[in-house]
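Asks: Quick one: the structure is below, and I'll ask about it shortly.
The values are calculated or read from the model by the stated rules, or taken from the named source; none is laboratory data. Since this is a predicted model, take the numbers as computed values, not measurements. Cβ placement follows ideal geometry from the backbone for every residue including glycine, while neighbour counts extend to all protein chains displayed. Each accessible area value is taken on the protein alone, full model and side chains, heavy atoms only, with ligands, DNA and RNA left out. Shrake-Rupley method; radii C 1.70, N 1.55, O 1.52, S 1.80 Å.
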Amino acid sequence: MDLLSLQRTRAIRTPPPAARPQINGPRIVGVRPDSPFQYYIPVTGVRPIVLEVSELPSGLHFNPKTATIQGRTSEPGHHKVVITGRNVEGQHTRELTIVVGDGLALTPTMGWSSWNCFNAKIDQELILNQAQAMVTTGLIDHGWTYINIDDGWQGGRDADGRIQGGANFPDLRALGDAIHGLGLKFGIYSSPGPKTCAGFEGSFRHEAQDAQSYAEWGVDFLKHDWCTAQILARVRRLGGYTALLPDRERAEVAALGVEIDTLKAAGISDQDSEFKNLLERRLAIVLKQTTASERLPIDLAIEQAPYRLMGEALRRQGRDIVYNLCNYGQWNVWQWGPQVHAHSWRTTGDILDSWESVEKIGFSQNGLEVWSAPGRWNDPDMLEIGNQNLTPDECFTHMTLWCILAAPLLIGCDLTSMDAFTLSVFSNDEVLAINQDPLGRQGNRVFLRGQIEVWRKPLMDGMTAIAVFNRGEEVADVDIAWADLHLNDQVSIRDCWRQRDLPQLAAGLKTRVQAHSAELFRVGKS
Ligand code: GLA
């Protein structure tokens, strides 16, 4: 082992899983009445493990061969299902609440996405290899579920306008079947514009058809981007703002050369600089003549319309498709995402594989917690853990922060070549449980002391998750009085990363935090 690998292995905090069974994953899942239900039971412990499931609503059954609960149910309500796992070492029983109703994504989405490490250089075999690695690495048994293809799968449309996979994706339905066969779920990507961000075919004017194709392929998740929808939105805004102007100014705008539609009719594309210049010149005039508050309703309606179109199309399908918006946080998307039927929305621009990017994006989320709840999550973008540039300490910060934020967790590295350290960061059930806590509260900052930040997330059982971050360049000893956390004394302290209880301290919490690193605790009455 070279020195770097040795250091990374030494940095591992997560203890190996216990030999006796431990059921992991979310404690609550949502399904719409009569939609196909598939839930693989994540469980660690020495094999063989015999699983038993009782109290299932009618229409759902447990398949012990695949460790999966499946079927369709039309019984609405909260169904408390009891799952027991047994092996030679012991047994574990846990309740899973299946909510049959309108809500999906009742805990943040956990899975993998192709973009951060492969960009558009993807194909069907690569995706399937990642899905298989999700199983062989054991990540599936810690609750990781979705295998999401990002940009780069699309070919053209057939004579009837139906979207086709490119030459690199010859059979998307077969891929969906294979992913489901592994106990996982299948995600895909599109854009409301004519083209996606990487220049592939988008869903513009084909929303209903595309939603239907996704359902036929067995898609369970859609990330809907923005990019080329931006220029369409600007054209529509110009129209909307111009209508606000008095006659004279309206004429002035119109007099600005050829009509945009004429340009389009002449085959000049939305991306053409002549088109863009004209648009910008006209916009400059109307911006001067109108106020932001006059324009806001127009802006919102224009931003929401394409997302609502796809959201409604997805809802019409006979399967549950979790819907993720990717407009980079424009127009306060967190305020209206649920109105267009979305379950999560990106709150920022793209994350990069660097400490600066992770830090800038992650810590900027404070304040957005009021907009997050089960089925409506703020998404600060996919994980960079396991790629080239983050140190082990920075990986602890990235994971701890995304867990305290109740952010969707989408791994962005190559699952087929993770080292032991990376795998250990993704396999810590106590850390993941903070992210997946059924109360679904997004944490926020309680205080800032120089480079030290302390964040808090309330949990379902009345306990509190406390994260301590050191954004500085030096190791720090941090002392936090219970009063600072609005807790009284006599609390139990659990170190989540190392999965061990710490001695109770009357005064508060003391911890050492390495530079760029983080610690995560679960505190409360024991
Ligand atoms: C945008 C998104 C990224 C990724 C790329 C794909 O930049 O924000 O997450 O999906 O498009 O082209």
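Asks: How do the strands (runs of 3 or more DSSP E) wholly within segment 419-480 filter down when requiring 2 or more residues that are open to solvent by 20 Å² or more (accessible area, probe 1.4 Å) and in contact (Cβ under 8 Å) with a residue 60 or more places away in the chain: which remain?
Replies: Because the criterion is at least 2 residues that are open to solvent by 20 Å² or more (accessible area, probe 1.4 Å) and in contact (Cβ under 8 Å) with a residue 60 or more places away in the chain, the strands (runs of 3 or more DSSP E) in segment 419-480 that meet it are 444-449.
Asks: Now a separate question. Which of the residues spanning segment 208-231 are farther than 17 Å from residue 337 by Cβ and open to solvent by 10 Å² or more (accessible area, probe 1.4 Å)?
Replies: Step one: filter segment 208-231 for residues farther than 17 Å from residue 337 by Cβ, giving 208-220, 227-228, 230-231.
Within segment 208-231, 208, 209, 212, 215, 216, 217, 220, 227, 228, 230, 231 meet the criteria.
Asks: Conditions first: (1) of a type in the set (A, V, I, L, M); (2) open to solvent by less than 50 Å² (accessible area, probe 1.4 Å); (3) farther than 24 Å from residue 7 by Cβ. Residue 483 passes all but one, so which condition is the exception?
Replies: Here residue 483 clears every test but (2).
Asks: Inspect all residues belonging to segment 146-155 and state whether any of them is within 16 Å of the ligand (Cβ to nearest atom), among the polar types (S, T, N, Q), open to solvent by less than 40 Å² (accessible area, probe 1.4 Å) and under 17 Å from the mean Cα position of the chain (by Cα).
Replies: yes
Asks: Right, something else. If I ask for residues that are within 16 Å of the ligand (Cβ to nearest atom) and outside any strand (DSSP E or B), which ones from segment 365-384 would you list?
Replies: Selection gives 380, 381, 382, 383, 384.
Quick grid of which residues meet (1) at pLDDT 95 or above; (2) closer than 28 Å to residue 203 by Cβ; (3) of a type in the set (S, T, N, Q); (4) open to solvent by 30 Å² or more (accessible area, probe 1.4 Å):
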{"position": "292", "(1), (2), (3), (4)": "no, no, no, yes"}
{"position": "309", "(1), (2), (3), (4)": "yes, yes, no, yes"}
{"position": "319", "(1), (2), (3), (4)": "yes, yes, no, yes"}
{"position": "372", "(1), (2), (3), (4)": "yes, yes, yes, no"}
{"position": "385", "(1), (2), (3), (4)": "yes, no, no, no"}
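Asks: Mind checking which pairs have a first residue in segment 114-142 that is more than 25 Å from residue 429 (Cα to Cα) and open to solvent by 10 Å² or more (accessible area, probe 1.4 Å) and a second that is away from the ligand (no atom under 16 Å from the Cβ) and assigned to a loop (DSSP other than H, G, I, E, B), Cβ under 8 Å, 6 or more apart or different chains?
Replies: Cβ pairs passing all conditions: 118/414; 124/170; 124/171.
Asks: Let me ask something else. Output the residue which, of all residues in segment 335-361 that are within 16 Å of the ligand (Cβ to nearest atom), part of a helix (DSSP H, G or I) and in contact (Cβ under 8 Å) with a residue 12 or more places away in the chain, is surrounded by the fewest Cβ atoms within 10 Å (Cβ to Cβ). Walk me through how you get there before you give the answer.
Replies: Quick first cut of segment 335-361, residues within 16 Å of the ligand (Cβ to nearest atom) only: 337, 342, 344-354, 357-358, 360-361.
Within this subset, residues satisfying the condition of being part of a helix (DSSP H, G or I) are 337, 357-358, 360-361.
Retained after the next criterion (residues that are in contact (Cβ under 8 Å) with a residue 12 or more places away in the chain): 337, 357-358, 361.
Numbers: 337: 26, 357: 18, 358: 26, 361: 22.
For segment 335-361, the residue satisfying everything is 357.
Asks: Between a first residue in segment 38-57 that is touching a residue at least 40 places away in the same chain (Cβ under 8 Å) and of a type in the set (Phe, Trp, Tyr) and a second residue that is open to solvent by less than 40 Å² (accessible area, probe 1.4 Å) and outside any loop (DSSP other than H, G, I, E, B), which pairs have beta carbons less than 8 Å apart while being 6 or more apart in sequence or on different chains?
Replies: Partner pairs satisfying both residue conditions: 39/29; 39/68; 39/69; 39/96; 39/98; 40/68; 40/140.
Asks: Let me ask something additional. What single numbered condition from (1) open to solvent by 50 Å² or more (accessible area, probe 1.4 Å); (2) in contact with a strand residue (DSSP E or B) (Cβ under 6 Å, 6 or more places away or on another chain); (3) within 14 Å of the ligand (Cβ to nearest atom) fails to hold for residue 187?
Replies: Going through the list (1) open to solvent by 50 Å² or more (accessible area, probe 1.4 Å); (2) in contact with a strand residue (DSSP E or B) (Cβ under 6 Å, 6 or more places away or on another chain); (3) within 14 Å of the ligand (Cβ to nearest atom), residue 187 breaks only (1).
Asks: (1) surrounded by 22 or more Cβ atoms within 10 Å (Cβ to Cβ); (2) farther than 30 Å from residue 34 by Cα; (3) aliphatic (A, V, I, L, M): which one isn't true of residue 159, the others all being true?
Replies: (1)
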